[in-house]
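S.K.: Okay, here's the structure, questions in a sec.
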Amino acid sequence: MDGLTKCGLSADELADFRRIAGFMIPADATYDVPGADDPLIFADIASSLGVDREDVRAALTSLRQFAGCPLSDMDDGRAERVSFEFLAQQGRPIQTLGRMVLAAYYRDDRVMRSIGREPRAPYPKGHTVPDGDWSLLEVVKARAPIWRDDRKA
Amino acid sequence: MSKNEMVDVLIIGAGASGAAVAWSLADTKMRILCLEQGDWMKPTDYPTNGRDWEARRYTDFEISPNRRARDLDYPINDDNSVMKIANFNGVGGGTILWTAHFPRMHPSDFRVKSLDGVADDWPISYWNLEPYFEQNDRMVGVSGLPGDPGVPPHNPPMPPIPLGRTGTRYGQVMNKLGWHWWPSDVAVATRDYEGRAKCINLGHCTPGCAHGAKASADITYWPLALRAGVELRTRCRVREITTNEHGMASGVVYYDPEGKEVFQPAEVVILASNGVGTPRLLLNSASSRFPNGLANSSGLVGKNLMLHPWPQVRGYVEDEMDGDRGPMTCIWSKQFYETDPERDFVRGYTLQFMRVTGPASEAIQSSLVGHLPWGRDHHRVYRSLVNHRLQIGVACEDLPEEHNRVTLDPVLKDSHGIPAPRIDYTISANCARMMEHGIARATEILEAAGAKNLYTSRTLLNYPGHLLGTCRMGDDPERSVVNAWGRCHDVKNLFVVDGSIWVTSGGVNPTSTIQALALYIADNMKQRLATLFD
């Protein structure tokens with residue numbers, strides 16, 4: 001949870017951020033995945049803000065103004081509705097907030113396993129790519145050249 | 001200001017062209033120094049080493065220097081351009097942040113005036129460059145398949161990258177449509193090559209290859225150039241090129257890593273700073289003798305900027321494709337490359353068929369365009385997108401127009417107080433028609449592949465980082481900045497070897513041709529050493 005204390009957002013901002021993140025990507029038992037408000041995932045989101053922190057803060061300020069009160073003061077139904085209406089406004093700060101949520105969510109071990117990927121960095125193991133069907137090229141090989149030879153112009 | 005010892009040749013910039021010219025000139029045994037404002041990259045620093053590999057494309061490995069904003073970058077005012085500027089400052093330059101697609105320009109690209117009545121012919125031909133293309137392919141280590149009827153014959157030294165599921169699907173569809181396709185030439189090692197390991201399909205080639213399979217110039221030309229005696233000083237940012245009483249370049253003033261001003265005298269200065277950095281430096285080198293900027297009697301320094309408009313069309317198929325596994329670009333099509341009088345535009349484009357992005361990038365990009373919803377349906381929709389995407393890029397030829405230009409921004413400066421470049425750029429009517437033609441063909445291909453949920457981006461992803469044309473070559477000093485072998489008409493010991501000398505842009509990624517040109521110019525210099533300044 002160290003990321004939460006060092007991320008540069010206030011406790012109120014973090015509370016709104018976490019609540020809206022949970023609406024953006026909710027937990028889903030069908031796919032056996034946590035929501036973006038999961039403690040580990042949200043700590044990763046908060047600790048990753050870096051150069052985007054001010055955009056995220058601007059989005060959260062706009063959210064508070066749009067909602068008229070902290071999301072925590074609303075029941076789930078109203079908070080969810082307000083959150084989606086807010087996200088539909090688009091604009092750079094909201095897009096940045098969305099990107100921060102998605103970038104951290106789609107590297108969580110549980111989420112990676114759910115989509116059929118090993119939870120690891122690409123290096124050093126890499127991936128296997130099937131060679132493919134090279135016989136498809138035979139008809140292309142049979143074509144006459146289509147590049148324009150300037151020496152014949 | 002401190003002053004260093006004189007060198008014979010001073011190269012400014014250690015990217016694709018600077019590396020090639022340094023290596024080629026090294027066999028003259030002249031004293032050669034290269035100044036690079038960036039630093040060496042460490043493979044262990046590349047994003048694919050960590051779990052945050054995708055997120056870092058938006059921060060320290062972002063392609064826009066304005067967003068990346070490393071201390072080694074300089075800002076660029078591209079507010080008045082529909083396309084944004086991409087670059088990288090470091091040993092290897094743009095080849096660090098590079099997809100390694102390695103097509104050559106076509107013969108017709110050098111003859112657009114003669115063949116199609118537009119722009120200008122180059123003062124050299126494809127055939128002048130052909131031996132240097134071959135040499136560069138060997139030096140860089142290019143993978144590809146001989147026999148392509150879409151391009152002149154050539155023999156890449158390594159076999160092609162795998163077609164994979166994605167390439168196979170593209171091939172099936174292109175055959176159905178009866179259109180040309182071929183595995184792309186890529187600067188990625190498909191077998192162990194000259195000390196580099198073969199590709200292991202990290203899949204995230206653009207922001208640096210942690211495995212060293214991608215042929216960035218820091219691991220191809222530079223080790224050999226250094227071994228041959230070239231000196232490379234990093235974190236040294238050149239402020240201006242100085243001239244003497246004879247109007248010849250006398251050296252440069254640069255800021256060393258501690259920020260101290262240093263004068264570096266040189267007999268010959270070579271600019272290899274790309275199509276934005278080179279005109280910026282020439283314009284920043286104005287003096288009483290050269291009041292409009294150095295080498296700018298034609299008034300063309302900075303003008304005719306070409307950026308390669310590059311629309312993308314994507315869609316999603318039902319069965320699983322390669323996703324981010326494997327080098328990004330797998331095949332190309334030259335079906336629409338050459339001028340066809342039946343169309344409403346001249347010149348043409350390459351279609352590039354992509355494998356595309358990783359799990360987080362898919363989510364981010366799909367969310368941005370409204371294909372991936374927030375809320376309860378997020379997970380179901382996401383699973384129909386990730387690893388199901390096909391994407392085709394349309395690499396359009398951009399013709400030169402003087403109003404597309406690099407100038408000095410009156411306000412913006414870099415961290416050393418040097419005026420930053422400003423970009424003014426619009427897409428021409430011919431190019432706009434070409435883009436729409438390419439978008440329509442890409443859409444046709446994707447629909448024939450059974451793709452749904454199609455999305456076209458005309459400029460959203462338009463950061464190809466191809467910076468061309470701002471110090472064009474030519475025989476007429478009134479209509480060009482450098483001659484047919486890269487020497488400035490106005491300053492006979494000043495050379496330019498980067499993409500700024502391009503007369504036209506072709507419809508291909510430029511690095512292969514940039515490096516072939518650098519080798520060609522270096523060879524010309526070596527052949528003329530006794531009369532270099534005549």
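S.K.: So what's the back-of-envelope 222 nm ellipticity for chain B, counting only DSSP H runs of four-plus at -39500 (n - 2.57) apiece and dividing by all residues, rounded to 500?
M.R.: About -7000 deg cm²/dmol.
S.K.: Does region B:127-185 classify as rounded, prolate or oblate by the C-alpha gyration tensor (a ≥ b ≥ c root eigenvalues; a/c under 1.5 gives rounded; else a/b over b/c gives prolate, otherwise oblate)?
M.R.: oblate
S.K.: Keeping all protein chains in place, calculate the accessible area per residue for region B:82-205 (probe 1.4 angstrom), answer in Å².
M.R.: The answer is 29 Å² per residue.
S.K.: Follow-up. Is there a quick way to get the dipole size of region A:2-120? I mean about its Cα centre, with the Cβ of Lys and Arg at +1 and of Asp and Glu at -1; what is the value in debye to the nearest 20?
M.R.: I would put it at about 340 debye.
S.K.: Just to verify a number: what accessible area does residue A:105 come out at with the full protein assembly present, 1.4 Å probe, Å² rounded to tens?
M.R.: Roughly 0 Å² of residue A:105 is accessible to a 1.4 Å probe.
S.K.: Calculate the mean, over all residues of peptide B:124-134, of how many other protein chain Cβ atoms lie within 10 angstrom of the residue's Cβ.
M.R.: For peptide B:124-134, the averaged partner shielding equals 1.
S.K.: Of all DSSP beta bridges in the protein assembly as shown, what percent run antiparallel (nearest 5)?
M.R.: 65 percent
S.K.: Just give the residues from region B:184-219 buried by at least 10 square angstrom of accessible area in the all-chains context relative to the isolated chain, probe 1.4 Å, and say none if nothing qualifies.
M.R.: Buried by 10 Å² or more upon assembly, which counts only protein chains, are B:200, B:201, B:202, B:210, B:211.
S.K.: Which one, B:309, B:226, B:110, projects farthest toward the positive side of the charge dipole computed for the protein assembly as shown from Cβ point charges (K/R +1, D/E -1)?
M.R.: Farthest towards the positive pole: B:226.
S.K.: Still on this structure: As I understand it, the dipole of chain A uses +1 on the Cβ of Lys and Arg and -1 on the Cβ of Asp and Glu, about the Cα centre. Which of A:5, A:29, A:48 lies farthest toward its positive end?
M.R.: Positive-most Cα among the choices belongs to A:48.
S.K.: Another question, then. Which angle from 0 to 90°, rounded to the nearest 10, does the C-alpha axis of helix B:274-283 make with the longest principal axis of chain B?
M.R.: For helix B:274-283, the angle is close to 30 degrees.
S.K.: Oh, and also: Placing +1 at every Lys and Arg Cβ and -1 at every Asp and Glu Cβ, with all other atoms neutral, what dipole size does region B:1-46 have around its Cα centre, in debye to the nearest 20?
M.R.: For this selection, approximately 100 debye.
S.K.: Can you give the average number of partner chain beta-carbon atoms within 10 Å of each beta-carbon in peptide A:113-123, as a whole number?
M.R.: The mean count of partner-chain Cβ atoms within 10 Å per residue comes to 6.
S.K.: Right, another one. Please compute how much accessible surface disappears when B pairs with A, both sides summed, using a 1.4 Å probe, and round it to the nearest 100 Å².
M.R.: Accessible area lost upon association: around 5400 Å².
S.K.: Where Rh is the Kirkwood radius over the Cα pairs of chain B, the temperature 37 °C and the viscosity 0.692 mPa s, what D in µm²/s does Stokes-Einstein return?
M.R.: 141 µm²/s
S.K.: As a test, work out the antiparallel percent of DSSP beta bridges whose residues both lie in chain B, rounded to the nearest 5.
M.R.: Percent antiparallel among DSSP bridges in chain B is about 65.
S.K.: How do A:23, B:110 stack up against each other in accessible area, from largest to smallest, with a 1.4 angstrom probe?
M.R.: The ranking, largest first, comes out as A:23, B:110.
S.K.: Taking the Cα centre as origin and putting +1 on Lys and Arg beta-carbons and -1 on Asp and Glu beta-carbons, what dipole magnitude results for chain B, to the nearest 20 debye?
M.R.: The dipole of chain B has a size of about 980 debye.
S.K.: With a ≥ b ≥ c taken as the square roots of the eigenvalues of the C-alpha gyration tensor of region B:344-449, please select rounded if a/c is under 1.5 and otherwise prolate if a/b is larger than b/c or oblate if it is not?
M.R.: Cα axes put region B:344-449 in the oblate bin.
S.K.: Given the DSSP H assignment, sum -39500 (n - 2.57) over each helix run of at least 4 residues in chain A and divide by its residue total; what's the result at 222 nm in deg cm²/dmol, nearest 500?
M.R.: Dividing the helical sum by the residues of chain A leaves -15000 deg cm²/dmol.
S.K.: Then there is this: Roughly to the nearest percent, how much of the accessible area of chain B is carbon and sulfur, given a 1.4 Å probe?
M.R.: 48 percent
S.K.: Other chains near A:21-30: what is the mean number of their Cβ atoms within 10 Å of each residue's Cβ?
M.R.: Mean shielding count: 3.
S.K.: Can you give me the three principal axis dimensions of the protein assembly as shown from its C-alpha atoms, in Å, biggest first?
M.R.: Projected onto its principal axes, the Cα set of the protein assembly as shown covers 82, 64, 47 Å.
S.K.: Now, a different point. With a 1.4 Å probe and every protein chain left in place, tell me how much accessible area residue A:83 has, in Å² to the nearest 10.
M.R.: 0 Å²
S.K.: On a 0 to 90 degree scale, rounded to 10, what angle separates helix B:126-140 from the longest Cα axis of chain B?
M.R.: Here the helix axis deviates by roughly 80 degrees.
S.K.: Take the residue pairs A:125/B:214; B:42/B:198; A:152/B:214; B:303/B:492; B:260/B:492 and return only those whose Cα atoms are more than 25 Å apart.
M.R.: A:152/B:214; B:260/B:492
S.K.: With a 1.4 Å probe on protein heavy atoms only, tell me which residues of region B:357-379 lose at least 30 Å² of accessible surface in the complex relative to the chain by itself.
M.R.: B:359, B:360, B:364, B:368, B:374, B:375, B:376, B:378, B:379
S.K.: So, one more: By its C-alpha gyration tensor, with a ≥ b ≥ c as the square roots of the eigenvalues, how is region B:211-329 shaped: rounded for a/c under 1.5, else prolate for a/b larger than b/c, else oblate?
M.R.: Oblate.
S.K.: With every protein chain kept in place and ligands, DNA and RNA left out, what is the accessible area per residue of region A:2-120? Probe 1.4 Å, answer in Å².
M.R.: Value for region A:2-120: 45 Å² per residue.
S.K.: On to the next question. Could you tell me which residue out of B:166, B:143, B:177 lies farthest along the dipole of region B:120-217 toward its positive end? Charges go on the beta carbon: Lys and Arg +1, Asp and Glu -1, centred on the Cα centre.
M.R.: Comparing the listed Cα positions along the dipole, B:166 ranks first.
S.K.: Please compute one quarter of the surface area of the Cα convex hull for region A:2-120 and express it in square nanometres.
M.R.: If you wrap the Cα atoms of region A:2-120 in a convex hull and average its projections, you get 7.4 nm².
S.K.: Let me ask something else. Give the peptides B:387-400, B:111-124 in descending order of average Cβ contacts within 10 Å, highest first.
M.R.: Per-residue Cβ counts within 10 Å, averaged per peptide and sorted highest first, yield B:387-400, B:111-124.
S.K.: With a 1.4 Å probe and all protein chains left in place, how much accessible area per residue does region B:345-466 have, in Å²?
M.R.: 33 Å²
S.K.: For region A:42-126, which whole-number percentage of the solvent-accessible area (1.4 Å probe, protein heavy atoms only) is attributable to carbon and sulfur atoms?
M.R.: Carbon with sulfur: 47 percent of the solvent-accessible area.
S.K.: What are the residues whose amide H is under 5 Å from the amide H of residue B:409, where those residues sit 5 or more places off or on another chain and H is modelled from the backbone?
M.R.: B:420, B:422
The values are calculated or read from the model by the stated rules, or taken from the named source; none is laboratory data. Everything quoted here is computed from the prediction, not taken from an experiment. Quick reminder, even Gly has a Cβ in these numbers, built from the backbone with ideal geometry, and neighbours come from all protein chains shown. Each accessible area value is taken on the protein alone, full model and side chains, heavy atoms only, with ligands, DNA and RNA left out. Shrake-Rupley method; radii C 1.70, N 1.55, O 1.52, S 1.80 Å.
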